[in-house]
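Only one structure is covered here, and it is reproduced in the block below.
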Amino acid sequence: MPVRAVSKGVSISPRKVGVVADLVRGFSVKDALTILEHTPRRAATAVSKTIASAKANADYNHNYKPDTLRITEITINHGPRSRRYRPAAHGRALPYQKRTSHITVIVDGEKRQPKKPVDKTTAKKETK
């Protein structure tokens, strides 16, 4: 069962985030975080935080082994846009948009073996 993490409303254009996402698509989580650590783009921070969140979700909530996780899918979607105006000569106002992104990371890997519950009746007898 794949595990996902979503970052919504990241204030970077989807085109700029998409370039960084293409660098790590299909890699293991460990390799992807190392690549993004050495990528000199502002979007690398947002993508690495989302990947780290997906890793933590898989480890803590779904009992996956962190060393076996791979990025199966990473998508960048358009978020809401803020419309702004820039003053120009002759009393004009030039419109522009501040774009945002939604980053979705889906990871999959190998599950850990569940631990057997301890029988409380035998545990008490052994301690006495």
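In this structure, does Lys116 turn out to be loosely packed, with under 12 Cβ neighbours inside 10 Å, modelled with pLDDT under 95 and not hydroxyl-bearing (Ser, Thr, Tyr)? Criteria met by Lys116. As for the stretch 83-93, it holds no residue that is in contact with a helix residue (DSSP H, G or I) (Cβ under 8 Å, 6 or more places away or on another chain) and either exposed (fewer than 10 other Cβ atoms within 10 Å of the Cβ) or on the phi < 0 side of the Ramachandran plot (or both). Within the stretch 65-77, restricting attention to residues that are within 16 Å of the chain's Cα centre (by Cα) and not charged (D, E, K, R), the residue that is farthest from Phe27 (Cα to Cα) is Asn77. Flag: Asp67 matches the condition of being exposed (fewer than 15 other Cβ atoms within 10 Å of the Cβ) and closer than 16 Å to Asp108 by Cβ.
Can you go through Val105, Val118, Val47 and tell me which one is assigned to a loop (DSSP other than H, G, I, E, B) and of a type in the set (A, V, I, L, M)?
When all the criteria are applied, what remains is Val118.
Pairs linking a residue in the stretch 9-28 that is basic (Lys, Arg) to a residue that is crowded, with 16+ Cβ neighbours inside 10 Å and not in a loop (DSSP other than H, G, I, E, B), with Cβ atoms under 8 Å and 6 or more positions apart or on different chains, are Lys16/Ala43; Arg25/Ile71; Arg25/Ile74.
The values are calculated or read from the model by the stated rules, or taken from the named source; none is laboratory data. Since the model is a prediction, treat every value here as computed from it, not as a measurement. Note: ideal-geometry Cβ built from the backbone for every residue, glycine included; neighbour counts use all protein chains shown.
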